[in-house]
Structure formats: C-alpha cells, structure tokens
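Here's the structure we're looking at; comments come further down.
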Amino acid sequence: MKLQIINGPNLNLIGQREKSIYGVMSFDDYLHYLLKKYSALSIDYFQSNIEGEIIDKIQEVGYSSDGIILNAAAYTHTSVGIADAVRAIETPVIEVHISNTKSREDYRHKSFISPHVKGIIQGFGLLSYELAIISFLDRIKDE
Ligand code: DQA
C-alpha cells in the first residue's frame, strides 16, 4: 500500500513551535517512528510552506497513491485551490490536524478541505497521523 503524507506551512517547525499546542517531538522523529512501525507500507512524506507546491504534490500523487494524509495547516482555513485539488483527484484523502481546531480561534473552525475528504482526524497530537494510517489499512481490509 502506497500512502503519501503532505504537510503544509510551518509544520517543519513542529517540536520547536508553540510546544504547548503541537508538542515537543519533531516531525522528522515522528516520521522515523511511523516508517519503522509501518515498514510493510510505502509511506512518502512531503512538506511545503508554499500553497502551489502542495497543489502540485496532490496532483502528482492523486492518481497513483492509495491514500493521502493531508495536514494543510493554515491553508486549511484559506485555500480554495487546495480544496479544488482534493476534489479533482481520485485518491482518497484524510484531513488531519495535530490540534483540535474546533476548540481554537474562530478562524480555525472553517475548513475548505473537509467537505471533500473521506474523513477528518484532529486533536490527538501527532497520533492523528497514525490514526489516519490505521484507517486506510482498515479500509483495504474491508474491500
Ligand atoms: C494545524 C491547525 C491549523 O489551524 C494551524 O494553522 C496549523 C496546524 C494542526 O495540525 O493542528 O498550522 O493544522
């Protein structure tokens, strides 16, 4: 099974950034844990602070991957372009967030992406990503 994790802006700073919200572990360390634990899967990782690069990556993998785990970060709340890319592709997308955006500022309550995804997992810290992997595994099992 081929999965793609896509992280949006400022998620390269996880571990240093607002630790009380996002925790102390770097995403690289967490990715290392995921790749080891799910070594039977092919998991690719992409992070960009640039909206167009995220759209390019969604288009690139959106017809070949079995699943996309997308944390568009701040673009979640602003980007019609990323939402349109998610609508355009065939690969199912799970939207993830480290924090529970619904318990935060009002401007984080709106997601342009949510209406077009298979499911949303948020508020479980970095575990949100692993829960998304598990849900893709479960989906294959049921098919
Ligand atoms: C985030 C939540 C967003 O509101 C925020 O802009 C982020 C991270 C999360 O994972 O909790 O950068 O997507």
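The residue of segment 23-50 that is nearest to Val80 (Cα to Cα), among those that are within 14 Å of the chain's Cα centre (by Cα) and assigned to a helix (DSSP H, G or I), is Phe27. Scanning segment 6-47 for residues that are touching a strand residue (DSSP E or B) at 6+ places or on another chain (Cβ under 7 Å) and more than 11 Å from the ligand (Cβ to nearest atom) yields Ile6, Leu31, Leu34, Leu35, Leu41, Ser42, Ile43, Asp44, Tyr45, Phe46, Gln47.
Residues that are in a helix (DSSP H, G or I) and closer than 25 Å to Glu51 by Cβ within segment 89-115 comprise Thr101, Lys102, Asp106, Tyr107, Arg108, Ser114, Pro115, listed in sequence order. Looking only at residues of segment 27-57 that are among the β-branched types (Val, Ile, Thr) and farther than 17 Å from Tyr129 by Cβ, we find that the one that is most open to solvent (accessible area, probe 1.4 Å) is Ile50. Contact map, segment 94-122: residues that are without any contact (Cβ under 8 Å) to a residue 40 or more places away in the chain and within 10 Å of the ligand (Cβ to nearest atom) paired with residues that are open to solvent by 50 Å² or more (accessible area, probe 1.4 Å) and part of a strand (DSSP E or B), Cβ distance under 7 Å, separation 6+ or inter-chain. Pairs shown: Glu95/Ile120. Kindly indicate whether any position in segment 116-125 is in a helix (DSSP H, G or I) and among the aliphatic types (A, V, I, L, M). No, segment 116-125 contains no residue that is in a helix (DSSP H, G or I) and among the aliphatic types (A, V, I, L, M). When segment 64-79 is limited to residues that are outside any loop (DSSP other than H, G, I, E, B) and open to solvent by less than 10 Å² (accessible area, probe 1.4 Å), the one that is farthest from the ligand (Cβ to nearest atom) turns out to be Gly67. On the stretch given as segment 92-135, residues that are over 12 Å from Leu70 (Cα atoms) and either polar (S, T, N, Q) or modelled with pLDDT under 95 (or both) total 6. Among the criteria (1) within 27 Å of Arg87 (Cα to Cα); (2) touching a residue at least 40 places away in the same chain (Cβ under 8 Å), the one Ile14 does not fulfil is (1).
Would you mind stating whether Gln16 is open to solvent by 70 Å² or more (accessible area, probe 1.4 Å), assigned to a loop (DSSP other than H, G, I, E, B) and over 15 Å from Leu3 (Cβ atoms)? Answer is yes for this residue.
The values are calculated or read from the model by the stated rules, or taken from the named source; none is laboratory data. Note that the coordinates shown come from a computational prediction; the quantities given were computed from them, not determined experimentally. Every residue, glycine among them, receives a Cβ derived from its backbone with ideal geometry; neighbour counts consider all protein chains shown. Heads up: the accessible areas ignore ligands, DNA and RNA and are worked out on the full protein's heavy atoms, side chains in. Shrake-Rupley method; radii C 1.70, N 1.55, O 1.52, S 1.80 Å.
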